[in-house]
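Taken together, the values in this text are just the output of simple stated rules run on the coordinates, not laboratory data. On a predicted model such as this, the values are computed, not experimentally measured, just so you know. Note: ideal-geometry Cβ built from the backbone for every residue, glycine included; neighbour counts use all protein chains shown.
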Amino acid sequence: MTTRHIEGPVALSGRSVLLREFTLADLDGVRGLVGDDRVTHFLSFTARSEEQSRELLRTIVEEARRRPRTEYYLAVTPQEQVDPTGSDKVVGITRLQRTHPHSGRLVYAIAHAYQGRGYARDAVRTVLDFAFGQLGLHRVTAAVGPDNRAGLALVERVGFTREGVLRDHVHTNGAWRDSVLYSMLAPEWRTAREA
Ligand SMILES: CC(C)(COP(=O)(O)OP(=O)(O)OC[C@H]1O[C@@H](n2cnc3c(N)ncnc32)[C@H](O)[C@@H]1OP(=O)(O)O)[C@@H](O)C(=O)NCCC(=O)NCCS
């Protein structure tokens, strides 16, 4: 079974979004995601300050240079012009963490103002193409809070399979929270991507 590592910067093209590496110039975009309670409430941390967001961005950029690379944080940018600052605006993030040579864990988020436009669906599909294609992974998982209607709808829509409940999986917003574990396997993706 062949798995691969990608040496150069990653740039992926979906139907409505482009996924690219973060740069230190993306602080506003990162803040729009990890600095907003409406987004982080469903992730496993509370909203980050400007300084914390800057630190996270530094980590993201450093992780992208590490070899062998295990972290693929990618900036989601729309292909269409969404505002006067240009189409390269960061409206979301995907994080594919290679947890094992053959497996990865996926996290995704779209800034509140840009939700409901199909960006997450396109971004997740594009990352799965990358994970099962270029990286040669066999299994990708996503863990979603049981009350996260949008997060659950997305993985179901893309064709992930529900595996079960991870009890008290994360400590977030002051309490332990279960997660619903979903997975996609490489042969399933070859079928699901056509749907
Ligand atoms: C989950 C999230 C990424 C969805 O982003 P989005 O860009 O609005 O999603 P999309 O527009 O691509 O919608 C994808 C599907 O989910 C459905 N969906 C989206 N929001 C929904 C909601 N609140 N309730 C029910 N279904 C919803 C859409 O109808 C769509 O299905 P369709 O293709 O059949 O129409 C976004 O709400 C978010 O960032 N939430 C906070 C972070 C998070 O929860 N991440 C997931 C855990 S890792």
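Determine the gain in length on full extension of the stretch His102-Arg117; use 0.36 nm per residue of separation and subtract their C-alpha separation, reporting nm with one decimal.
Once the chain is fully extended between His102 and Arg117, it gains 2.2 nm.
Roughly how many Å is it from the Cα centre of region 137-193 to that of region 93-119, as a whole number?
11 Å
Does region 1-99 come out rounded, prolate or oblate, given a ≥ b ≥ c as the square roots of the eigenvalues of its C-alpha gyration tensor, rounded meaning a/c under 1.5 and, failing that, prolate meaning a/b above b/c?
Note, shape of region 1-99 comes out oblate.
Given the DSSP H assignment, sum -39500 (n - 2.57) over each helix run of at least 4 residues in the chain and divide by its residue total; what's the result at 222 nm in deg cm²/dmol, nearest 500?
-9000 deg cm²/dmol
Over the chain, what relative contact order in percent results from Cα pairs under 8 Å that are six or more residues apart?
Rounded, it is 20 percent for the chain.
Mind ranking 105-114, 58-67, 11-20, 79-88 by how tightly packed they are, going by the mean number of other C-beta atoms within 10 angstrom, highest first?
My ranking of the peptides, most packed first, is 105-114, 11-20, 58-67, 79-88.
Place a point 7 Å from Cα of Asp129 in the direction of its Cβ. Which residues in region 72-90 have their backbone N less than 19 Å from it?
So the set is 72-81, 88.
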